[in-house]
Amino acid sequence: MPLILASTSRYRRELLERLGLPFHVARPDVDESALADECADMLAQRLARAKARVIAAQHPEAWTIGSDQVATLAGLALGKPGTRERAIAQLRAMSGRKVEFHTAVCVMRGDTCLEAIDMTLVTFRILQDDEIHRYVDSEQPFDCAGSFKCEGLGICLFEAIESRDPTALVGLPLIALSGMLRQVGFALP
């Protein structure tokens, strides 16, 4: 069965490669703006579904995977920093605090739509400015929500990570996704 990842994120692509299934990648053209009063988990779910829907409409024979992640600090959404200055500001703001990462996944084909969401709680240790600067200059996490790469040196920034699925923090909850893919007929170990 054809499988398409509705994302051009290299992080999601690398995670999906772990499952050993052949797949294609397609860029979904989706407005990722939040709706008025939309909470983080609802935003992540809506965007994951919208990404899957756009690509599924273009490839009705394929199973399409959409995913999205929204990070929040004290209820406020954190986007991808994009620049060194914004990454430094995000890490300063998160120092000594807890940040929630809401990661949604959707598997879709025709009228079938399976969805799941994972919430990961990351507790940051108190970070000194020189540590923040060294980290940002080393990994340049400008395309990562929360301004870190937990699969790299970013792990040094934390006191704890609480999650049902460690891959969710990277951007694609493989435990939930594996279950959904098995449910629709993909053979996974």
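Does Ala6 fit the bill of being touching a residue at least 40 places away in the same chain (Cβ under 8 Å) and either open to solvent by less than 60 Å² (accessible area, probe 1.4 Å) or under 16 Å from the mean Cα position of the chain (by Cα) (or both)? Yes, satisfied. Within the stretch 49-60, does at least one residue satisfy the condition of being surrounded by 24 or more Cβ atoms within 10 Å (Cβ to Cβ) and not small (Gly, Ala, Ser)? Among the residues of the stretch 49-60, at least one is surrounded by 24 or more Cβ atoms within 10 Å (Cβ to Cβ) and not small (Gly, Ala, Ser), which makes the answer yes. Could you list, in sequence order, all residues of the stretch 50-91 that are among the hydroxyl-bearing types (Ser, Thr, Tyr) and over 19 Å from Cys39 (Cβ atoms)? Listed by number, the residues that qualify are Thr64, Thr83. For the stretch 132-142, the set of residues classified as among the acidic types (Asp, Glu) and open to solvent by 70 Å² or more (accessible area, probe 1.4 Å) consists of Asp137 only. Only one entry in Gly79, Gly75 is surrounded by fewer than 16 Cβ atoms within 10 Å (Cβ to Cβ) and within 18 Å of Leu172 (Cα to Cα), namely Gly79.
Condition check ((1) out of contact with any helix residue (DSSP H, G or I) (no Cβ under 9 Å at 6 or more places or on another chain); (2) over 22 Å from Arg49 (Cα atoms); (3) open to solvent by less than 30 Å² (accessible area, probe 1.4 Å)) across all residues:
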residue	(1), (2), (3)
Ser67	no, no, yes
Ile88	no, yes, yes
Glu100	no, no, no
Arg109	no, no, no
Ala116	no, no, yes
Asp129	no, yes, no
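Pairing residues of the stretch 140-155 that are at positive phi with residues that are basic (Lys, Arg), at Cβ distances under 8 Å and at least 6 apart in sequence or on separate chains, gives Gln140/Arg84; Ser147/Arg86. For the stretch 151-185, a residue qualifies if it is part of a loop (DSSP other than H, G, I, E, B) and open to solvent by 20 Å² or more (accessible area, probe 1.4 Å), and the qualifying residues are Glu151, Gly152, Ser163, Arg164, Pro166, Val184, Gly185.
The values are calculated or read from the model by the stated rules, or taken from the named source; none is laboratory data. Given the structure is predicted, the values throughout are model-derived calculations rather than measurements. Note that each Cβ is placed from the backbone with ideal geometry, even for glycine, and that neighbours are counted across all protein chains shown. Surface accessibility is based on the protein's heavy atoms, side chains included, excluding ligands, DNA and RNA. Shrake-Rupley method; radii C 1.70, N 1.55, O 1.52, S 1.80 Å.
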